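A quick write-up on the structure given underneath.
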Amino acid sequence: MSMQITHLGSGSRGNATLIRTDETTALIDCGFSARQIEKRLSMVGVAASDLDAIAITHHHSDHGKGAARARLLWGCEVHANLVTATKLLLEPVNECRTFTSLERVELGPDLSVLPIPVPHDGAENVGFILSNGDGMRAGMVTDLGDSTDELIRHLNGCSHISIESNYDYSRLMNGPYPDNLKRRITGRGGHLSNEQTATILEQVSSPELRSIVLCHLSEKNNAPHLAESETLMRIEGKFDGDLRISRQQGPEFSHWIGDGVSDKIALTI
Ligand SMILES: [Zn+2]
Ligand SMILES: [Zn+2]
C-alpha cells in the first residue's frame, strides 16, 4: 500500500494537491479553475473523471474556488466543514459532505484524512493528516498564522509533511505592503514565516520523516532559496530525506510514502 503526493501548484493564486492510493484518487483543495485542474492532472497522467473526492481546507478562493464545478463536472464528492461549505455556497449533505475537526473522514476505501483546526483570520481552516490505513501518515497544512500544540502532536511521526513557508520576515517588513496588511500577515490569523515553519519542522523532524514540501510561498515577500535555507539550517542533523518547494506553475515532482517506496521521488518535468 502506498500513497503518492503531487502538488499541482501552490501559492496565493491557487492550490491543489493530488493524492493517489491503490484504490483512491483525491485532491486536497481545489483552488484552480476546472480547466486548470484538468490540464495539471493530465500532466501526471490522471483524468479528472478519475477523482473520487476533494477535501477542502477552507473557503478562500485559492483553495476552494473550483470545488463546486468539479463536483458537477466530474461527480466527485466534496468534503469540507460546515463553515467552509456554507461560504462556498455548497449545500450540506446534497452538495458537500461536512466534517467535524478531529474526526476521521474517509475519502475512499484506503484513504482518510483527519482535520486539525488551525488559526486563519475569517476562515475555519484545517490542516489534514492523511492516512492510507497501513500506519503511514502525511501532513498537509497551509494558511495559518501560528502553530498549535495539537498540530505539532499530529505532525509528529508523519512520513511526509507539506507545509506553507509563506514569507521572509525582513522582506515583508521592508516591502511595499501597507502596515495593516503586514500586521495581518504576521498575526496569529495570518501566514507562517520561513522562521515559524522551520521551527515547526525542527519540532517534528524524526527518522520517520522522509520528505518535506515547502509550499504557498509568497511571490512578493519570499524566495525559494530563503525558505529552503531557513528550514535546512534548523533541521540539519535531524532530517536526511528529500526537501522540495512547490511553486505556483504546475506539478514538478511526486513523493511516495508506504512500504518499500519511502525514498521514491519522481520528477514530472
Ligand atoms: Zn491560501
Ligand atoms: Zn487562506
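For the chain, a simple Cβ point-charge model (Lys and Arg +1, Asp and Glu -1, everything else neutral) yields a dipole of about 800 debye relative to the Cα centre.
Restricting to Cα pairs below 8 Å that are 6+ residues apart, what does the relative contact order work out to for the chain? Please round to a whole percent.
Values: 666 pairs, mean separation 50.6, N = 269.
The normalised contact order for the chain reaches 19 percent.
Computed over neighbours whose Cβ is under 13 Å from that of Ala85, the net charge equals -1, Lys and Arg +1, Asp and Glu -1.
Using r as the Cβ-Cβ distance of Arg35 and Ile152, and R0 as 41 Å, what FRET efficiency do you calculate, to the nearest 0.05? If you can, show how the numbers build up before the last one.
Details: r = 38 Å, r/R0 = 0.93.
About 0.60, to the nearest 0.05.
Here the scattering of the chain is modelled by Debye summation over its C-alpha atoms, one equal scatterer each and no solvent; at q = 0.07, 0.10, 0.11 Å⁻¹ the log10 of I(q)/I(0) is -0.21, -0.44, -0.54.
Taken one residue at a time, the phi angles of the stretch 52-60 give Karplus couplings (6.51, -1.76, 1.60, θ = phi - 60°) of 8, 7, 10, 10, 9, 6, 6, 7, 3 Hz. Gly and Pro are set to x. Bridgeable lysines around Lys182 (alpha carbons under 30 Å apart, same-chain partners fewer than 8 residues away excluded): Lys65, Lys87, Lys220.
What does the charge add up to near Arg171, with Lys and Arg as +1, Asp and Glu as -1, over the other residues with Cβ less than 15 Å from its Cβ?
On the way: positive: Lys182, Lys220; negative: Asp168, Glu195, Glu219, Glu228, Glu230.
Within the 15 Å Cβ shell, the charges total -3.
If you average the sequence gap of Cα pairs under 8 Å that are 6 or more apart and divide by the length of the stretch 50-128, what percent do you get for the contact order?
Working: 138 pairs, mean separation 22.3, N = 79.
Relative CO of the stretch 50-128 lands at 28 percent.
Between Glu91 and Glu236, how high is the FRET efficiency from 1/(1 + (r/R0)^6) when r is the Cβ-Cβ distance and R₀ = 45 Å? Nearest 0.05. Once rounded, the FRET efficiency stands at 0.35. Close amide H contacts of Ala16 (hydrogens built in the peptide plane, cut-off under 5 Å, sequence separation of 5 or more or a different chain): Leu8, Gly9, Gly31. Under 5 Å between amide hydrogens, built in the peptide plane, is the criterion, and for Val78 it picks out Ile54, Arg97 among residues at least 5 positions away or on other chains. Less than 16 Å apart at the alpha-carbon level, and either on another chain or at least 8 residues along: which aspartates and glutamates does that give for Lys238? Within reach: Glu202, Glu208, Glu228, Glu230. Between amide H atoms placed 1.01 Å from N, distances below 5 Å from Gly241 occur with no residue 5 or more places distant or on a separate chain. Between Ala47, Ala70, Ala16, the residue with the greatest mean-square fluctuation in the GNM of the chain (Cα pairs under 10 Å linked by springs) is Ala47. Among beta bridges from DSSP that stay inside the chain, the antiparallel ones total about 55%. Among Met3, Met140, Met43, the order by Cβ neighbours within 10 angstrom, fewest to most, reads Met43, Met3, Met140.
Counting only helical runs of four or more DSSP H residues, what would the 222 nm mean residue ellipticity of the chain come to if each run contributes -39,500 (n - 2.57) and the total is spread over all its residues? Intermediate values should be presented prior to the final figure.
Details: 9 runs with 72 residues, N = 269.
That calculation yields -7000 deg cm²/dmol at 222 nm.
No lab work stands behind these numbers, since they all come straight from the coordinates. Computed from a predicted structure; not experimentally measured. Cβ atoms come from the backbone with ideal geometry, glycine included; neighbour counts cover every protein chain shown.
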